[in-house]
Each structure stands twice: as structure tokens, then as C-alpha cells.
2 protein chains.
Amino acid sequence: MREFTWSATEKKAARAAFDLALARELKAARQEAEAILHGSSDDRALWRLHDYLSDKRREIDQKYDYRYSVLMLVFPRLVSEGWIKVDELAGIGAEKVDVINKLMSLR
Amino acid sequence: MREFTWSATEKKAARAAFDLALARELKAARQEAEAILHGSSDDRALWRLHDYLSDKRREIDQKYDYRYSVLMLVFPRLVSEGWIKVDELAGIGAEKVDVINKLMSLR
């Protein structure tokens, strides 16, 4: 993939957007965990919760990769999954936002 | 270890006691899971919960081994950990209960 440059200000905006998306996904995961735990009183609910958390942890560890070399792959995924809006990425630079918008329009 | 014989009635009592201990331990694990989830709002609570469930699942899978060849190792452990009382094991046979009582007195 093409290389993008990141000014100090853009890096700061990128970090904030990244953290915001992660916080939202963790909040949703917590709500799902509570739903699994409280949605059923059978004994297996605990292990269903464990399976859910195992999958979610692996997914989040893999997805939230904050390296500038891959961030322009990470952000489109976070947008497409609904964890961040393109508007909230304005600070990362107009050129990069354009690329993300183009990627989104191709879906 | 010495071999024990199990009559049909004793097997039934053993199964009921085993299941009772497991149900109690799962109930306690569920309460602990809820405490972890609700005790903290920080992002890492979800992964602490995952770690707790990973350990507990491994422990329970290993501990609750219902084979008659090992049950007289399993029951003393369940008694010592408080998941079942010796009184509740009465149905497995006086000789076996004596052995468990002797093991408990040695602790």
C-alpha cells in the first residue's frame, strides 16, 4: 500500500480516534458480556462467556494495531465496522480522509 | 491407590454429590465473574474476567473427573475445598466415607 506521512498534529488526532474506537468496541463487548452472563442461568453460560471473550480478545488484539505503516488499513476497517465515523477522522489530514472516503464508496 | 467397589445405589449417590459440588462451584464462579465485571469500569476488567474464566475453566475441567477409578481422590478434594460436605457423601458407602473422614483428619 502507498505510504502516508503523518504530522505531529495528525498523529495526535489519529491516536485520539484510535482510542475512541477502541473504547467504544470495549464498551460494546462489556455489554455483550453482561448480556451473556445475565441472559441465561444455565451452567454453560459461563463457558459461552469465556468463548466470547476469547474470540473478542483475539479480534481486538489483532485489529487495533497502532503502527503508522498499517493505520490506513486499520481506520477503514474501524469505519466500516462502525467504531468510528469518517467525520471523527478529520484531524488525520484531508488527503487521508479522502482515501478513506473513496474506500468506503467502493463497498 | 486402593480400589473401591461401587454399588448401583452408591454410584447414584456419588453422581448426585458430584453434580451438587459442581453446581456450587459454577455458581461461585458466576458470582466472581459478576464481581469482576461490575467491580471496575476500566477497560482492562474485561480481560481480567477472561483470565479468571480461563483459569477457572481449566481448573474445573481437570478437577471434576467422574471416573470411579479416581473418584476417591476427587471427593476428598471437593470436601477440603468446601464444595461438598462429608455428610452429603453418606450415600456413597460407609467404608468410603470413613476413608474420606480419615483423610480429612490428617490435614
Could you look through the range B:37-50, keep only residues that are in a helix (DSSP H, G or I) and at the interface with chain A (Cβ under 10 Å from one of its Cβ atoms), and pick out the one that is surrounded by the most Cβ atoms within 10 Å (Cβ to Cβ)? B:Leu49
Is it the case that some residue within the range B:65-79 is assigned to a loop (DSSP other than H, G, I, E, B), within 14 Å of chain A (Cβ to nearest Cβ) and open to solvent by 70 Å² or more (accessible area, probe 1.4 Å)? no
So which residues in the range A:14-34 are small (Gly, Ala, Ser), open to solvent by 30 Å² or more (accessible area, probe 1.4 Å) and away from every other protein chain (no Cβ under 11 Å), if there are any at all? A:Ala16
Among (1) open to solvent by less than 70 Å² (accessible area, probe 1.4 Å); (2) more than 10 Å from chain A (Cβ to nearest Cβ); (3) at pLDDT 95 or above, the one test that B:Phe4 misses: (3)
Hey, can you tell me all the residues within the range A:80-107 that are assigned to a loop (DSSP other than H, G, I, E, B) and either within 18 Å of A:Leu22 (Cα to Cα) or touching a residue at least 60 places away in the same chain (Cβ under 8 Å) (or both)? A:Glu81, A:Gly82, A:Trp83, A:Ile84, A:Lys85, A:Gly93
Can you tell me how many residues within the range B:91-107 are of a type in the set (A, V, I, L, M) and surrounded by 13 or more Cβ atoms within 10 Å (Cβ to Cβ)? 5
Taking the range B:14-30 and keeping only residues that are closer than 10 Å to B:Ile84 by Cα and either of a type in the set (Lys, Arg) or in contact with a strand residue (DSSP E or B) (Cβ under 8 Å, 6 or more places away or on another chain) (or both), one is left with B:Arg24
Could you please let me know if B:Leu53 is open to solvent by 50 Å² or more (accessible area, probe 1.4 Å), in a helix (DSSP H, G or I) and not hydroxyl-bearing (Ser, Thr, Tyr)? no
For A:Leu53, only one of the following conditions fails: (1) closer than 23 Å to B:Ser40 by Cα; (2) at pLDDT below 95. What is its number? (2)
Return only the number of the condition from (1) part of a helix (DSSP H, G or I); (2) out of contact with any helix residue (DSSP H, G or I) (no Cβ under 6 Å at 6 or more places or on another chain); (3) farther than 13 Å from B:Leu46 by Cα; (4) of a type in the set (A, V, I, L, M, F, W, C) that A:Ala13 does not satisfy. (2)
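The values are calculated or read from the model by the stated rules, or taken from the named source; none is laboratory data. Since the structure is predicted, the reported quantities are computational estimates derived from the model, not experimental observations. Glycine also receives a Cβ, built like all others from the backbone with ideal geometry; neighbour counts cover every protein chain displayed. Quick note on the areas: whole protein, heavy atoms, side chains included, nothing else; ligands and nucleic acids left out. Shrake-Rupley method; radii C 1.70, N 1.55, O 1.52, S 1.80 Å.
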